[in-house]
Amino acid sequence: MIHLDYRSRIVFFNLFLYTIVFALVTFLAIQGIWYASIKEIKSELLETSKNAQLMIEQSLTISGEAATGPGENDPAAWFVSASPRLGEILENYSTGTVNLYDASGEPLTSSRLLNRPENYMLEEIATASSGQDAVSLRRFNNESAIWFASPLLSNGQIIGYYTEEVKLGQLESQLNLVLIFLLAAGFGGFIILFILTEHNANEFIKPIKDLTKISREIDNGNYNVFIQYKYDDEIGDLTAVFNEMTANINNIINQLQGEREQYGSVLASLDDGLLALDQKGNVIASNELLKTYFGVSNPRTIYDFTYQSFLRDIFDSLRNSQGYISEEVECNNRVLLLMGSPIHRKDLEENYMIIIRNITATRQFEREQQKFISSVSHELRTPLTTIIGYTDMLRRRQVTDPNLLDNSLSTINKEGHRLVRLVDDLLSASRLDTLEFTVRKSSVSLEEILRGVVDQMRVKGWQKEIEISFKSEPDLPDILGDYDRLSQMFINIIHNAIKYSDKGGLIDVILRQEDNEIVATVRDYGTGIDPDQKQLIFSAFYRVEEDRARNEGEGGAGLGLYLVKQIADKHNGHIQIDSEVGEGTSVSVFLPIPDVQFNTDDEEESHE
Ligand code: ADP
């Protein structure tokens, strides 16, 4: 079956309708003309037959008055004899071929009957013999004709028959001509109609095509579309509804997009990984952290986590209605706490949520805290043991030797100081983690601070016969800083330099300007630091273990450099360590010079 598109169907339907109507009209017109013509011919024939009757009656009357011979009173015989003359007269009055027949139905004018069929007028005369006029439409020699027969009467007796044959060839050819004209006109009309319908169909179809085009755009995800249609009709209504619909969809999409973005940003801003699953294990929601933790981005099902069987185990347990589940796993050098819980939804299937929390830092902190407690206990215990040992000895032995007494007291004093320093460091470190740690900044001279610290630490150095030199570029600008904290920072650095230098060593302290920073460098020629340890030594409580043994009696709790770094950070500075094992260490602190030199008004900054 041929498939026609909508436009072609409109064209085809119009033309089909036109053809039917035109054929009907043509048929009716031709038939109408035909029957009207036939009717007229019939009435003419009747008229002629009446005239013939009249003429015969008159002739009989006249011939009756002048009757002179035998048979003159026999109308039938008279008719036979008068028929040639009558035939001629009647022929002149009629349009067809006139023939007269005697009362027995024999032709009187047989000369006219050439080329006539066998049955010529037989039926008609038979009908006429019953006194009626007979009219038939006949066809012979490829031509239509009307055969007409009428009885001729005298005193109620049939004396003969009048027949006339009217050929319709001319009428037929006229009708053919009319038909040709009509067909030509019809064809012209067909062509015009075709062109017009084609054009109109295109016009009608255009909005539908526009609708289709725009629907495709919508199908491709572009809802920001609008159809222009200027008429207020059915298509206008459709386009209006369509435009309204796309606008609504657009609004809804924008709204959903907004909500999705909000929802996405909430998920993204979560500090925990999140995985929401349906009953089948399809992922309903997830966030970026999952990729960080498990290396799986945009998971579609729980089974995308190929290497994380623990997630599937939690999912299975949740599916088996085990309620809230929490589990700790180690994965990619992280300690992760997995918390699974069902999401109950009214009248709907249960979904599940797994929260993945990175507790590496917590666990690390706990470990460090543990380490710190044992380290601090050890550090506190060492001087306390010494102090108790000495005091016990002094008490027991009743020491009188002034030298021994002096040495013992000085050891007790030294250990007491060590305890105080340790407790000070601990206090500072604990304050660093609280809001209490404040940096009171004012314009300070680093040269002044360092000179004071070096003087103070020289005394300490002498105990190990260590010489500390101090050199500073002249006229260095002040910086913005906390005098006490900065002093504490340099004390820690120089103290380390002394601690990790051999007896009789040298320490150089140099202050200089580099671009817009002041650089304080403390250089020692001691044990040096292993490159692997360089980053770690700034962590709180971190100590290089073997140093502890080597410097027994000098070690701290691993807080010195941690404090140094925190104080440098608070002053927007940074620290650089250059060191080689066995060659010594150089610790440089870079502190920024403010753009504008300022008054000495204190500025306070809280630890955040
Ligand atoms: P501690 O109180 O143990 O000295 P710090 O935080 O001050 O703790 O230092 C951490 C570690 O860094 C020390 O254990 C030590 O091994 C190393 N260190 C610090 N300064 C020096 C230095 N000048 N020379 C060699 N090692 C150093």
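The values are calculated or read from the model by the stated rules, or taken from the named source; none is laboratory data. This structure is a prediction, so every number in the text was calculated from the model and none was measured. Here the Cβ positions follow ideal geometry from the backbone for every residue, glycine too, while neighbour counts run over all protein chains shown.
Would you mind finding the one in E350, E379 that is charged (D, E, K, R) and in contact with a strand residue (DSSP E or B) (Cβ under 9 Å, 6 or more places away or on another chain)? Walk me through it before giving the result.
Numbers: E379 fails: in contact with a strand residue (DSSP E or B) (Cβ under 9 Å, 6 or more places away or on another chain).
Answer to the selection: E350.
Among residues belonging to segment 365-379 that are charged (D, E, K, R) and under 52 Å from the mean Cα position of the chain (by Cα), point out the one that is surrounded by the most Cβ atoms within 10 Å (Cβ to Cβ). Steps first, answer last, please.
Filtering segment 365-379 down to residues charged (D, E, K, R) leaves 366-368, 371, 379.
This time we only want the ones that are under 52 Å from the mean Cα position of the chain (by Cα), so: 366-368.
Working: E366: 11, R367: 10, E368: 17.
Looking at residues that are charged (D, E, K, R) and under 52 Å from the mean Cα position of the chain (by Cα), I get E368.
For D392, indicate whether it is over 28 Å from Y525 (Cα atoms) and either crowded, with 17+ Cβ neighbours inside 10 Å or at pLDDT 85 or above (or both).
Details: over 28 Å from Y525 (Cα atoms): yes; either crowded, with 17+ Cβ neighbours inside 10 Å or at pLDDT 85 or above (or both): yes.
Yes: the conditions hold for D392.
If the Cβ limit is 8 Å and pairs must be 6+ apart or interchain, which residue in segment 303-328 that is loosely packed, with under 12 Cβ neighbours inside 10 Å pairs with which residue that is among the aromatic types (F, W, Y) and outside any loop (DSSP other than H, G, I, E, B)?
Short answer, once both residue conditions are applied: Y307/F294.
If I go through segment 443-472 residue by residue, how many of them are more than 14 Å from Q488 (Cα to Cα) and assigned to a helix (DSSP H, G or I)?
6
Give the residues of segment 296-328 that are closer than 17 Å to H344 by Cβ, hydrophobic (A, V, I, L, M, F, W, C) and part of a helix (DSSP H, G or I), sorted by residue number.
In the first step, residues of segment 296-328 are kept if they are closer than 17 Å to H344 by Cβ; the result is 315, 317-325.
After this cut, where a residue has to be hydrophobic (A, V, I, L, M, F, W, C) as well, the list is 315, 318, 325.
Matches in segment 296-328: F315, L318.
Can we say V596 is within 16 Å of the ligand (Cβ to nearest atom) and either part of a loop (DSSP other than H, G, I, E, B) or at pLDDT 85 or above (or both)? Before you say what the answer is, go through the steps one by one.
Working: within 16 Å of the ligand (Cβ to nearest atom): no; either part of a loop (DSSP other than H, G, I, E, B) or at pLDDT 85 or above (or both): yes.
Considered against the rule, which asks whether it is within 16 Å of the ligand (Cβ to nearest atom) and either part of a loop (DSSP other than H, G, I, E, B) or at pLDDT 85 or above (or both), V596 comes out as no.
Does segment 169-191 contain any residue that is out of contact with any helix residue (DSSP H, G or I) (no Cβ under 7 Å at 6 or more places or on another chain) and crowded, with 19+ Cβ neighbours inside 10 Å?
no
Quick one: which of E465, E473 is away from the ligand (no atom under 16 Å from the Cβ), in contact (Cβ under 8 Å) with a residue 12 or more places away in the chain and surrounded by fewer than 12 Cβ atoms within 10 Å (Cβ to Cβ)? Before you say what the answer is, go through the steps one by one.
Values: E473 fails: surrounded by fewer than 12 Cβ atoms within 10 Å (Cβ to Cβ).
Checking each option against the conditions leaves just E465.
When the residues of segment 368-409 are filtered to those that are touching a residue at least 12 places away in the same chain (Cβ under 8 Å) and of a type in the set (V, I, T), which remaining residue is farthest from Y562 (Cα to Cα)?
T391
Working only within segment 175-221, note down all residues that are farther than 30 Å from T239 by Cβ and either touching a residue at least 12 places away in the same chain (Cβ under 8 Å) or within 37 Å of the chain's Cα centre (by Cα) (or both).
Initial filter on segment 175-221 (farther than 30 Å from T239 by Cβ): 175-192.
Selection gives L175, V178, L179, L182, L183, G186, G189, F190.
Kindly provide the set of residues from segment 493-533 that are more than 9 Å from the ligand (Cβ to nearest atom), in a loop (DSSP other than H, G, I, E, B) and touching a residue at least 24 places away in the same chain (Cβ under 8 Å), ordered by number.
D502, K503, G504, G505, N516, Y525, listed by residue number.
Given the condition loosely packed, with under 12 Cβ neighbours inside 10 Å and either over 25 Å from the mean Cα position of the chain (by Cα) or within 30 Å of S321 (Cβ to Cβ) (or both), answer yes or no: does some residue in segment 247-257 qualify?
Scanning segment 247-257, I find no residue that is loosely packed, with under 12 Cβ neighbours inside 10 Å and either over 25 Å from the mean Cα position of the chain (by Cα) or within 30 Å of S321 (Cβ to Cβ) (or both), so the answer is no.
All but one of (1) of a type in the set (V, I, T); (2) modelled with pLDDT of 95 or more; (3) crowded, with 21+ Cβ neighbours inside 10 Å hold for I567; which doesn't?
(2)
Go through segment 279-295 and count every residue that is touching a strand residue (DSSP E or B) at 6+ places or on another chain (Cβ under 9 Å), more than 17 Å from E349 (Cα to Cα) and in a loop (DSSP other than H, G, I, E, B).
Result for segment 279-295: 2.
Is there a residue in segment 126-138 that is without any contact (Cβ under 8 Å) to a residue 12 or more places away in the chain and part of a strand (DSSP E or B)?
Checked segment 126-138: at least one residue is without any contact (Cβ under 8 Å) to a residue 12 or more places away in the chain and part of a strand (DSSP E or B).
Sort through V11, V21, V98 and tell me the only one that's assigned to a strand (DSSP E or B) and modelled with pLDDT of 85 or more. I'd like the intermediate steps shown before the answer.
Values: V11 fails: assigned to a strand (DSSP E or B); V21 fails: assigned to a strand (DSSP E or B).
It is V98.
In the set L100, L113, which member is more than 17 Å from A52 (Cβ to Cβ) and more than 60 Å from the chain's Cα centre (by Cα)? First the steps, then the outcome.
Values: L100 fails: more than 17 Å from A52 (Cβ to Cβ).
The unique qualifying residue is L113.
Which one of these does I412 not meet: (1) assigned to a helix (DSSP H, G or I); (2) in contact (Cβ under 8 Å) with a residue 24 or more places away in the chain; (3) closer than 24 Å to T385 by Cα; (4) within 16 Å of the ligand (Cβ to nearest atom)?
All conditions are met except number (4).
Taking the conditions exactly as written (farther than 15 Å from Q576 by Cβ and surrounded by fewer than 17 Cβ atoms within 10 Å (Cβ to Cβ)), does D502 satisfy them or not? Full working, then the answer.
Working: farther than 15 Å from Q576 by Cβ: yes; surrounded by fewer than 17 Cβ atoms within 10 Å (Cβ to Cβ): yes.
For D502, the condition - farther than 15 Å from Q576 by Cβ and surrounded by fewer than 17 Cβ atoms within 10 Å (Cβ to Cβ) - is met.
When you scan segment 214-226, do you find a residue that is among the β-branched types (V, I, T), surrounded by 15 or more Cβ atoms within 10 Å (Cβ to Cβ) and closer than 30 Å to N92 by Cα, even just one? Talk me through it step by step, then tell me what you get.
Of the residues in segment 214-226, the ones among the β-branched types (V, I, T) are 214, 218, 225.
Applying the additional criterion that residues be surrounded by 15 or more Cβ atoms within 10 Å (Cβ to Cβ) yields 214, 218, 225.
Now narrow it down to the ones that are closer than 30 Å to N92 by Cα: none.
No, every residue in segment 214-226 fails to be among the β-branched types (V, I, T), surrounded by 15 or more Cβ atoms within 10 Å (Cβ to Cβ) and closer than 30 Å to N92 by Cα.
The rows are residues; the columns are (1) within 58 Å of the chain's Cα centre (by Cα); (2) at pLDDT below 90; (3) closer than 15 Å to G573 by Cβ.
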{"residue": "I479", "(1), (2), (3)": "yes, no, yes"}
{"residue": "D482", "(1), (2), (3)": "yes, no, yes"}
{"residue": "A497", "(1), (2), (3)": "no, no, no"}
{"residue": "V509", "(1), (2), (3)": "no, no, no"}
{"residue": "D515", "(1), (2), (3)": "yes, no, yes"}
{"residue": "V522", "(1), (2), (3)": "no, no, yes"}
{"residue": "Q533", "(1), (2), (3)": "yes, yes, no"}
{"residue": "F538", "(1), (2), (3)": "yes, yes, yes"}
{"residue": "F541", "(1), (2), (3)": "yes, yes, no"}
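Which numbered condition trips up N92, out of (1) polar (S, T, N, Q); (2) surrounded by 13 or more Cβ atoms within 10 Å (Cβ to Cβ); (3) in a helix (DSSP H, G or I)?
Looking at each condition in turn, N92 falls short on (2).
Please give the number of the condition E244 fails out of (1) of a type outside the set (V, I, T); (2) at pLDDT 90 or above; (3) assigned to a helix (DSSP H, G or I).
It is condition (2) that E244 fails.
Can you list residue pairs whose Cβ atoms sit under 8 Å apart, with the first residue in segment 557-574 being at positive phi and the second being away from the ligand (no atom under 13 Å from the Cβ) and of a type outside the set (D, E)? Count only pairs 6 or more apart in sequence or on different chains.
N572/L591; N572/P592
Right, K471: more than 14 Å from I449 (Cβ to Cβ) and at pLDDT 95 or above or not? Break it down stepwise before answering.
Details: more than 14 Å from I449 (Cβ to Cβ): yes; at pLDDT 95 or above: yes.
Yes: the conditions hold for K471.
Pick out the one residue from Y161, Y120 that is under 28 Å from R85 (Cβ atoms) and modelled with pLDDT under 90. It would help to see each step written out before you state the result.
Details: Y161 fails: modelled with pLDDT under 90.
Result of the check over Y161, Y120: Y120.
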